[in-house]
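Written out below as structure tokens is the structure these notes cover.
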Amino acid sequence: DGMRIYDQNVTIRNSYITTGQWWSILIAPGASLTIEDTTIGGPNACNRDASISGGNLTARRIHITSGVDGFWVSGPNYNVSNSYVKLCGSGSTHADGIQLSDAGGNNAVFDNVTMDMSFTEPGAQNSPVFWSGSSQGNNAIIKNSLLIAGGYTLRVHSGNNMTLMNNVIKRNAWRFGPTLIDAGRVSVCVGNSVADVDSNYNVTNKSAIGC
């Protein structure tokens, strides 16, 4: 089975987690988790849904392989930094690096996170960032991150007072466009760009892009 977190202040470090279940890690309402220096995935990773679901999450230096969603944001207080998400869905899986659920998303921060959807079949790609489907999701920050592929690479349709800062979208890796952002959702938009990105994630030839 996947890991289920029901208590507060749980910590996972220096671990390898693999499961064929719906979630790799499910954080129950009211529980909290810090996870560091850990790999989540394995041979069946591309057949699973979200790797981490819930809220009250602090994740540092984690490596995720997921068939559908890297993070299912179904609670408040996300803080993910210095991490890598490989998305490798197929068929009609509607893959996302981050997906906001109807129950959560307030006070989320994603800082220096690479979300690469180029391993996902084109028909299964939704977005590396899909902030949608909720009346919540306020005060979210996505910054210093590298976003690759998707239908639209960066989609924002929910929440208020979002900050998008210093993010890079790989040029021409999208199917339809680099961004799809509803008016009034983003309050701070600065330093974002499209750029060439090679197989080692080296970034060159940046061009500024707005919100």
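The values are calculated or read from the model by the stated rules, or taken from the named source; none is laboratory data. Here the structure is a predicted model, which is why all the values come from computation and not from measurement. A quick note on method: Cβ atoms are made from the backbone with ideal geometry, for glycine too, and the neighbour counts reach across all protein chains shown. Each accessible area value is taken on the protein alone, full model and side chains, heavy atoms only, with ligands, DNA and RNA left out. Shrake-Rupley method; radii C 1.70, N 1.55, O 1.52, S 1.80 Å.
Points worth noting:
- Residues Leu147, Leu26, ordered by accessible area of protein heavy atoms at a 1.4 angstrom probe radius and largest first, appear as Leu26, Leu147.
- Per residue, the accessible area of the stretch 88-211 comes to 41 Å² when a 1.4 Å probe rolls over the protein heavy atoms.
- Bridging of Lys143 to lysines at a Cα separation below 17 Å is possible for Lys170, Lys206, once same-chain residues fewer than 8 apart are set aside.
- Computed over the chain: relative contact order in percent, which uses C-alpha pairs under 8 Å that are six or more apart: 12 percent
- Rg(Cα) / (2.2 N^0.38 Å) computed for the stretch 114-164, rounded to two decimals: 1.18
- Computed accessible area, Glu121, all protein chains, 1.4 angstrom probe, square angstrom: 90 Å²
- Length gained when the stretch Ala195-Cys211 is fully extended (0.36 nm per residue, less Cα-Cα span): 4.2 nm
- Candidate cross-link partners of Lys86 among the aspartates and glutamates, defined by an alpha-carbon separation under 15 Å and a same-chain spacing of 8 or more, comprise Asp49, Asp69, Asp96, Asp116, Glu121.
- Placing +1 on each Lys and Arg Cβ and -1 on each Asp and Glu Cβ, with no other charges, gives the chain a dipole about its Cα centre of roughly 320 debye.
- The stretch 88-164: relative contact order in percent, alpha carbon pairs under 8 Å with at least 6 residues between: 36 percent
- Solvent-accessible area assigned to carbon and sulfur over the chain amounts to 45 percent, based on a 1.4 Å probe.
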